[in-house]
Amino acid sequence: MKNEPCFALALHGGAGTITRASLTPEMDNAYRQALQQALSVGYQVLQQGGTSLAAVEATVVSLEDCPLFNAGRGSVFNKRGTHEMDAAIMDGKNLGAGAVTGVRNVRNPILLASQVLHHSDHVFLCQQGAEEFARNHGLSFEPDDYFFTQQRYDQWQALRDSDTYMLDHSSEAMDKKFGTVGAVALDLQGNLAAATSTGGMTNKNYNRIGDTPIIGAGTYANNRTCAISCTGHGEYFMRNVVAYDISCLMEYKGLSLSEASALVVHHKLKEQGGEGGLVAVDFNAEVAMPFNSEGMYRASWVSGQEPVVAIYEE
Ligand code: ASP
């Protein structure tokens, strides 16, 4: 451990074909502002001595409420023209976890995952059972209109009569972009946490489940190693159990966080064509944000250092 107690936060807003040419200066600016805003929300929680769990939850709520990202309000349309959202949160202190999949009309799926973590004997709830649990725990619901964004609708219209599904923010010309949001944090007590939330992929099969809510695939935290939140083509992240694999490479093979995450993102996934990236922080406040796509909306802030907000390879 470093001498001074320190804390750290990292977040993402999705990865994919995000190039300088594909974003207007206005859009570039809007994304950076939204990333900075979410970063400040989580950083303040940590700075005031709050837990890493509270910090990742608050960060992801901020991203879910922003229509630019494919989670909560900005969720993509599935094959039936509806929004089905997935989310997970994990506490590295005790391996506590809460996850939900296929939920509809829940304003903030990450808050529902958090309720499952804190108030259920179970880890993973789906669809109506998860929604009933949300109602019983007083969570906010929103009508379908709340989740409507013209851009996502147009993306879906382009695909709806096909068997193609598409990763978020994509246009036909720009093929793939992913839009999940997530955050990882280390708090002053030395506890790690991770949270991830998504609308999945445009025109995804009804009831398809991605990597995001699967503990060990898209989301994982363990105080012995690291906290990880992934974004990308979920099927590859599930098959490679990406988040847990990185933790295991650290725990059993002694790799550093940057070595372990680079090995998985730049070699294992890349060799299989598994596009995407992740944000990670370890027990020592080291941050890694590797991606094998052209860009990834991301930000990080380690106490005592300057905040970082980035989109492309920069
Ligand atoms: N990983 C997410 C999924 O497969 C998609 C994304 O990251 O945008 O559902």
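What follows is calculated from the coordinates using simple rules that are stated; it is not laboratory data. Model, not experiment: these values are computed from the prediction. Methodologically, a virtual Cβ is constructed for each residue, glycine included, from the backbone with ideal geometry; neighbour enumeration extends over all protein chains shown.
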How would you order 246-252, 112-118 from highest to lowest mean count of nearby Cβ atoms within 10 Å?
112-118, 246-252
Show which aspartates and glutamates lie in cross-link reach of residue 93 when reach means a straight Cα distance below 12 angstrom and same-chain residues fewer than eight apart are skipped.
187
Strictly greater than 15 Å: what percent of every Cα pair in the stretch 1-85 meets that?
65
Under Stokes-Einstein, the stretch 54-169 at 4 °C and 1.567 mPa s, with its Kirkwood radius over C-alpha pairs, diffuses with a coefficient in µm²/s of 89
Bridge orientation stat for the chain from DSSP, antiparallel percent rounded to 5, came to 95
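For the stretch 270-314, compute the orientation-averaged projected area of the C-alpha convex hull (one quarter of its surface), in nm².
Answer in nm², one decimal: 3.7.
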Reference-scaled alpha-carbon Rg (2.2 N^0.38 Å with N residues) for the stretch 119-161
1.65
Using only alpha carbons, build the gyration tensor for the stretch 89-131 and give me the equivalent ellipsoid semi-axes, biggest first, whole Å.
18, 10, 7
In the calculated pair distance distribution of the stretch 54-102, what percentage of Cα-Cα distances lie above 11 Å?
72
Which whole-Hz couplings ³J(HN,Hα) result when phi for each residue of the stretch 76-84 is put into the Karplus expression 6.51 cos²θ - 1.76 cosθ + 1.60, θ = phi - 60°, listed in order with x for Gly and Pro?
6, 8, 8, 4, 8, x, 10, 10, 10
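Run lengths n ≥ 4 of DSSP H only: what is the helix-derived mean residue ellipticity at 222 nm for the chain, with -39500 (n - 2.57) per run over all residues, to the nearest 500?
Roughly -9000 deg cm²/dmol at 222 nm, from the helical runs in the chain.
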Order by protection proxy (mean Cβ within 10 Å, highest first), peptides 124-136, 269-281:
269-281, 124-136
Give me D for the stretch 213-314 in µm² s⁻¹, whole number, from Stokes-Einstein with Rh from the Kirkwood sum over alpha-carbon pairs, 10 °C and 1.306 mPa s.
118
Please list the three semi-axes, largest first and in whole Å, of the ellipsoid equivalent to the stretch 250-290, using sqrt of 5 times the eigenvalues of its alpha carbon gyration tensor.
19, 12, 6
In whole Å, how far is the Cα centre of the stretch 1-78 from that of the stretch 255-306?
15
Separation of the stretch 114-145 and the stretch 175-221 by C-alpha centroid, Å?
17
How long are the semi-axes of the equivalent ellipsoid of the chain, taking √(5λ) for every eigenvalue λ of the Cα gyration tensor, in whole Å from largest down?
27, 22, 18
Name the most mobile residue of 83, 119, 233, meaning the one with the largest mean-square fluctuation, in a Gaussian network model of the chain with Cα contacts below 10 Å.
119
Of 120, 197, 52, which is the most mobile in a GNM of the chain whose springs link Cα atoms less than 10 angstrom apart?
120
Select from 31, 297, 206 the residue whose mean-square fluctuation is largest in a Gaussian network model of the chain (Cα-Cα springs shorter than 10 Å).
206
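Highest mean first, what order results for 20-27, 75-82 on Cβ atoms within 10 Å?
75-82, 20-27
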